[in-house]
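Engineer: My questions all concern the structure below.
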Amino acid sequence: LLDFLDQHPFSFTTLIQRSLEFAVSYVFTEAGEGIVFERFIVQCMNLIKMIVKNYAYKPSKNIEDSSPETLEAHKIKTAFFTYPTLMEMCRRLVTHYFLLTKEELTMWEEDPEGFTVEETGGDSWKYSLRPCTEVLFIDIFHEYNQTLTPVLLEMVHSLQGSTNIEDTSAILIKDAVYNAVGLAAYELFDSVDFDQWFKNQLLAELQVSHNRYKPIRRRVIWLIGQWISVKFKSDLRPVLYEAICNLLQDQDLVVRIETATTLNGCLPVDDFEFRTDQFLPYLESMFTLLFQLLQEVTQCDTKMHVLHVLSCVIERVNMQIRPYVGCLVQYLPLLWKQSEEHNMLRCAILTTLIHLVQGLGADSKNLYPFLLPVIQLSTDVSQPPHVYLLEDGLELWLVTLENSPCLTPELLRIFQNMSALLELSSENLKNCFKIINAYIFLSSSEFLQMYAADLCRSFCELLKDITTEGQVQVLKVVENVLKVNPVLGPQMFQPLLPSIFRGIIDGERYPVVMSTYLGIMGRVLLQNARFFSLFLSQMASELGQELDQILGNMIEMWVDRMDNITQPERRKLSALALLSLLPSLN
């Protein structure tokens, strides 16, 4: 039935009414009591969700633009979803299906990490009950928010003040209602003064430290995480940071993990409300507590999650993290060793290292004994893990070079991985070129003595079969070599020069490529005239032409294509290179 609705929504129109009556009566009225079971409920909810959300059944803003089939389906939906029906569905979803079950509460006690992973399952809304009910609630609330907002707000008002810790069912109801307010945050934007609610009630609930109140502590900090990006005054941030520091010391592990998640929600890079000066007073204690949490949790998924939060903290405060990272720097090698079987956790470690290196700047040199073998392994295509680690490994390699005060022998040695990477010619090529350029600018002579021949071979291969953009990237590397090493550069990359010269006299049709060709030839001509005249003689004999003739062809094409060169620096270079020919006796 679901597949039929998905593939042929208009043919399904005649079944909308009966499908909704069937699903709603079993799932949201007494009719289903004692006979329904989890998989059946999930399928019924998916059926309701797909009818509510179906684009084929939504009229255009301009009614005349809608097809008769769409209007017919919409009419059936509107007739079915009356105020009493919607109200009953909303109440049942929240006060029945959202309640934490005995099994979930047992899991919370016996396997807290398993419980938090279970709660945040990705695409599980199609298959398991809790995510499925939450998705249905979001969709119905979005579609009928004017009808349902007063219903939900009335539930919230009935729960003012803190709840008796002896009354477990009242605690679970409050947890469920707060869950609904978090899920519907965007829809409730205009109806809830969240700042007032936070100050007058929620903050006090976070301070109730009794063990039985932990579902509320966890739910409230989660709720704040849902609202932080929707509506939360930046002046209240310090009060929230204070609360987060306290909750990261909560006796309950689930509460601590949920708190880390909310902290993460306070730190997105595009969050203009974030102010570093508000955050810094809490940085040391937060970082220490997160690090303790990272050591305490045992499951791969949870470690990845906490590590991600630590990374975001480092990224947010950058250099100011330096005094506090010692413990993490010592722990990461151990975690790397333990995660040999878990490539996704290793990816999370690589991301953390990227932010660490950026935060430490030149001091990241102290990490090299651990850092460089990690880069070596992640970017070695003969090692199976490279499939998972390569992209982050290349980024870490680049960031390490960008922050390196000098080129060490170990850093030089890693470059052995590069020729195999260039052979892959994958989407990572761009970063490979950036890495090569970084080596050239860090220490051209040492680097080129060791690797120029390999690099030249790789480039010759690459240029046979590469996009125009790729071609320009390769040529820019050669240009950079000539910039920093005008004497040895032309000799080292001599095998590439004949095709560049031919490209110039044949009038290469792509302006960007032509402009780069002229940039390379201009540098050779201006900075190493002796090499240029030998090279010209070589080209004359290869092409079987007089030297004056090919020089004339080159100058003619160069002057003709001067307008292809858009960058002022390159135009200046071409002008100087051509002028340098004037004193010659030719």
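The values are calculated or read from the model by the stated rules, or taken from the named source; none is laboratory data. Treat the numbers as computed from the prediction; the structure is a model and nothing was measured. With ideal geometry, Cβ positions are generated from the backbone for all residues, glycine too; neighbour counts draw on all protein chains shown. Side chains are part of the model used for accessible areas, which takes the heavy atoms of the whole protein and leaves out ligands, DNA and RNA. Shrake-Rupley method; radii C 1.70, N 1.55, O 1.52, S 1.80 Å.
Engineer: Determine whether Leu573 is closer than 27 Å to Gly470 by Cα and in the same structural domain as Val484 (by the TED database). If you could, list the steps in order and put the result at the bottom.
Structural biologist: Numbers: closer than 27 Å to Gly470 by Cα: yes; in the same structural domain as Val484 (by the TED database): yes.
For Leu573, the condition - closer than 27 Å to Gly470 by Cα and in the same structural domain as Val484 (by the TED database) - is met.
Engineer: State yes or no: is Leu367 more than 17 Å from Phe415 (Cα to Cα) and either over 18 Å from the mean Cα position of the chain (by Cα) or touching a residue at least 60 places away in the same chain (Cβ under 8 Å) (or both)? Full working, then the answer.
Structural biologist: Numbers: more than 17 Å from Phe415 (Cα to Cα): yes; either over 18 Å from the mean Cα position of the chain (by Cα) or touching a residue at least 60 places away in the same chain (Cβ under 8 Å) (or both): yes.
Judged against the criteria, Leu367 is a match.
Engineer: Write out, first by first residue and then by second, each pair whose Cβ atoms fall under 9 Å of each other, whose residues are 6+ apart or on separate chains, and whose first residue, in segment 502-526, is touching a residue at least 40 places away in the same chain (Cβ under 8 Å) and at positive phi while the second is open to solvent by less than 60 Å² (accessible area, probe 1.4 Å) and not in a helix (DSSP H, G or I).
Structural biologist: Here the result reads Gly507/Arg561, each pair linking segment 502-526 to a residue that is open to solvent by less than 60 Å² (accessible area, probe 1.4 Å) and not in a helix (DSSP H, G or I).
Engineer: Can you name the residue in segment 1-15 that is among the aliphatic types (A, V, I, L, M) and closer than 15 Å to Glu69 by Cβ and is also least open to solvent (accessible area, probe 1.4 Å) among such residues?
Structural biologist: Taking segment 1-15 and keeping what is among the aliphatic types (A, V, I, L, M), we get 1-2, 5, 15.
Next, only the ones that are closer than 15 Å to Glu69 by Cβ stay: 5, 15.
On the way: Leu5: 0, Leu15: 53 Å².
Per the criteria, the residue is Leu5.
Engineer: For segment 521-586, list the helices (runs of 4 or more DSSP H) that sit wholly inside it and hold at least 1 residues that are polar (S, T, N, Q) and open to solvent by 60 Å² or more (accessible area, probe 1.4 Å); which are they? Walk me through how you get there before you give the answer.
Structural biologist: On the way: elements: 529-543, 547-560, 568-579.
Filter on segment 521-586 gives 529-543, 547-560.
Engineer: Now for a separate question. For segment 223-268, give me each residue that is open to solvent by 10 Å² or more (accessible area, probe 1.4 Å), hydrophobic (A, V, I, L, M, F, W, C) and in contact with a Gly (Cβ under 6 Å, 6 or more places away or on another chain).
Structural biologist: Within segment 223-268, Ile228 is the sole residue that qualifies.
Engineer: Scanning segment 405-426 for residues that are among the polar types (S, T, N, Q), out of contact with any Ser or Thr (no Cβ under 7 Å at 6 or more places or on another chain) and touching a residue at least 12 places away in the same chain (Cβ under 8 Å), which turns out most open to solvent (accessible area, probe 1.4 Å)?
Structural biologist: The initial filter retains those residues of segment 405-426 that are among the polar types (S, T, N, Q), namely 408, 416-417, 419, 425-426.
Still in the list and also out of contact with any Ser or Thr (no Cβ under 7 Å at 6 or more places or on another chain): 408, 416, 425-426.
Filter again for touching a residue at least 12 places away in the same chain (Cβ under 8 Å), leaving 408, 425.
On the way: Thr408: 16, Ser425: 62 Å².
That would be Ser425.
Engineer: Mind checking whether some residue in segment 234-248 is more than 24 Å from Phe189 (Cβ to Cβ) and among the charged types (D, E, K, R)?
Structural biologist: Narrowing segment 234-248 to residues more than 24 Å from Phe189 (Cβ to Cβ): 242, 245-248.
With among the charged types (D, E, K, R) added as a condition, the list becomes 242.
Yes; the residues of segment 234-248 include at least one that is more than 24 Å from Phe189 (Cβ to Cβ) and among the charged types (D, E, K, R).
Engineer: Among all residue pairs at least 6 apart or on different chains, which show Cβ distances below 8 Å where the first residue, located in segment 325-339, is within 11 Å of Leu294 (Cα to Cα) and assigned to a helix (DSSP H, G or I) and the second is open to solvent by 40 Å² or more (accessible area, probe 1.4 Å) and not β-branched (Val, Ile, Thr)?
Structural biologist: Tyr331/Gln295
Engineer: What's the number of the only condition in (1) open to solvent by less than 60 Å² (accessible area, probe 1.4 Å); (2) under 29 Å from Phe115 (Cβ atoms) that Glu315 fails to meet?
Structural biologist: (1)
Engineer: So, in segment 329-347, of the ones that are open to solvent by 20 Å² or more (accessible area, probe 1.4 Å) and among the aliphatic types (A, V, I, L, M), which residue ends up farthest from the chain's Cα centre (by Cα)? Walk me through it before giving the result.
Structural biologist: From segment 329-347, those open to solvent by 20 Å² or more (accessible area, probe 1.4 Å) are 329-331, 333-334, 336-338, 340-344; that's our starting set.
Then drop every residue that is not among the aliphatic types (A, V, I, L, M), which leaves 329, 334, 344.
On the way: Val329: 23, Leu334: 25, Met344: 14 Å.
That would be Leu334.
Engineer: Another question about this same structure. Considering Asp363, Asp380, which residue is of a type in the set (Asp, Glu) and part of a loop (DSSP other than H, G, I, E, B)? Let's see the steps before the verdict.
Structural biologist: Details: Asp363 fails: part of a loop (DSSP other than H, G, I, E, B).
Within the list Asp363, Asp380, the selection yields Asp380.
Engineer: Still on this model: Condition check: open to solvent by 70 Å² or more (accessible area, probe 1.4 Å) and part of a helix (DSSP H, G or I). Does Glu154 satisfy that? Break it down into steps so the answer makes sense when it comes.
Structural biologist: Numbers: open to solvent by 70 Å² or more (accessible area, probe 1.4 Å): yes; part of a helix (DSSP H, G or I): yes.
Here the answer is yes, as Glu154 does meet what is asked.
Engineer: Suppose we filter Leu407, Leu401, Leu372 for residues that are more than 23 Å from the chain's Cα centre (by Cα), of a type outside the set (Gly, Ala, Ser), modelled with pLDDT of 95 or more and over 22 Å from Thr516 (Cβ atoms); which single one remains? So that I can check it myself, show each step before the final result.
Structural biologist: On the way: Leu407 fails: modelled with pLDDT of 95 or more; Leu401 fails: more than 23 Å from the chain's Cα centre (by Cα).
Unique residue meeting the criteria: Leu372.
Engineer: May I pose another question? Quick check on this structure: which one of Leu455, Leu482, Leu488 is open to solvent by 20 Å² or more (accessible area, probe 1.4 Å) and not polar (S, T, N, Q)? Don't jump to the end; show me each part of the working.
Structural biologist: Values: Leu455 fails: open to solvent by 20 Å² or more (accessible area, probe 1.4 Å); Leu482 fails: open to solvent by 20 Å² or more (accessible area, probe 1.4 Å).
Checking each option against the conditions leaves just Leu488.
Engineer: If a residue must be in contact with a helix residue (DSSP H, G or I) (Cβ under 8 Å, 6 or more places away or on another chain), over 18 Å from Gly552 (Cα atoms) and open to solvent by 20 Å² or more (accessible area, probe 1.4 Å), how many such residues does segment 500-515 contain?
Structural biologist: Of the residues in that region, 3 qualify.
Engineer: Here are the criteria: (1) touching a helix residue (DSSP H, G or I) at 6+ places or on another chain (Cβ under 7 Å); (2) over 22 Å from Ile440 (Cβ atoms); (3) aliphatic (A, V, I, L, M). Tell me which single one Val387 does not satisfy.
Structural biologist: Every condition holds for Val387 apart from (1).
A quick yes/no check of all residues on (1) of a type in the set (D, E, K, R); (2) buried (at least 19 other Cβ atoms within 10 Å of the Cβ); (3) more than 24 Å from Gln251 (Cα to Cα):
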residue: Gln292; (1), (2), (3): no, no, no
residue: Val309; (1), (2), (3): no, yes, no
residue: Met319; (1), (2), (3): no, no, yes
residue: Cys327; (1), (2), (3): no, no, no
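Engineer: Do you know which residues across segment 38-66 are small (Gly, Ala, Ser) and at pLDDT 90 or above? Step through it out loud before you land on a result.
Structural biologist: Of all residues in segment 38-66, those small (Gly, Ala, Ser) come to 56, 60, 66.
Residue satisfying the conditions is Ala56 alone.
Engineer: Ok, one more. Here's a check for you: in segment 100-131, which residue that is surrounded by 17 or more Cβ atoms within 10 Å (Cβ to Cβ) and more than 19 Å from Leu172 (Cα to Cα) is modelled with the highest pLDDT?
Structural biologist: Out of the qualifying residues, it is Glu113.
Engineer: Just a yes or no: is a residue in segment 81-96 open to solvent by less than 90 Å² (accessible area, probe 1.4 Å), out of contact with any Pro (no Cβ under 6 Å at 6 or more places or on another chain) and farther than 30 Å from Leu153 by Cβ?
Structural biologist: Taking segment 81-96 first, the residues open to solvent by less than 90 Å² (accessible area, probe 1.4 Å) are 81-82, 84-95.
Next, from what is left, pick out any that are out of contact with any Pro (no Cβ under 6 Å at 6 or more places or on another chain): 81-82, 84-95.
Pick out the ones that are also farther than 30 Å from Leu153 by Cβ and you get none.
So far as segment 81-96 goes, no, none of its residues is open to solvent by less than 90 Å² (accessible area, probe 1.4 Å), out of contact with any Pro (no Cβ under 6 Å at 6 or more places or on another chain) and farther than 30 Å from Leu153 by Cβ.
Engineer: If a residue has to be farther than 19 Å from Pro405 by Cβ and open to solvent by less than 40 Å² (accessible area, probe 1.4 Å) to count, how many in segment 356-381 make the cut?
Structural biologist: At the first step, the residues of segment 356-381 found to be farther than 19 Å from Pro405 by Cβ are 373-374, 376-381.
Now narrow it down to the ones that are open to solvent by less than 40 Å² (accessible area, probe 1.4 Å): 374, 378-380.
Summing the residues that are farther than 19 Å from Pro405 by Cβ and open to solvent by less than 40 Å² (accessible area, probe 1.4 Å) in segment 356-381 gives 4.
Engineer: Filter segment 187-206 down to the residues that are of a type outside the set (Gly, Ala, Ser), in contact (Cβ under 8 Å) with a residue 12 or more places away in the chain and either in a helix (DSSP H, G or I) or open to solvent by 40 Å² or more (accessible area, probe 1.4 Å) (or both) and list them by number. Quick ask: steps written out before the conclusion?
Structural biologist: Step one: filter segment 187-206 for residues of a type outside the set (Gly, Ala, Ser), giving 187-190, 192-203, 205-206.
Narrowing the set further to residues that are in contact (Cβ under 8 Å) with a residue 12 or more places away in the chain leaves 187-189, 192, 194-195, 198-199, 201-203, 205-206.
Selection gives Glu187, Phe189, Phe194, Asp195, Phe198, Lys199, Gln201, Leu202, Leu203, Glu205, Leu206.
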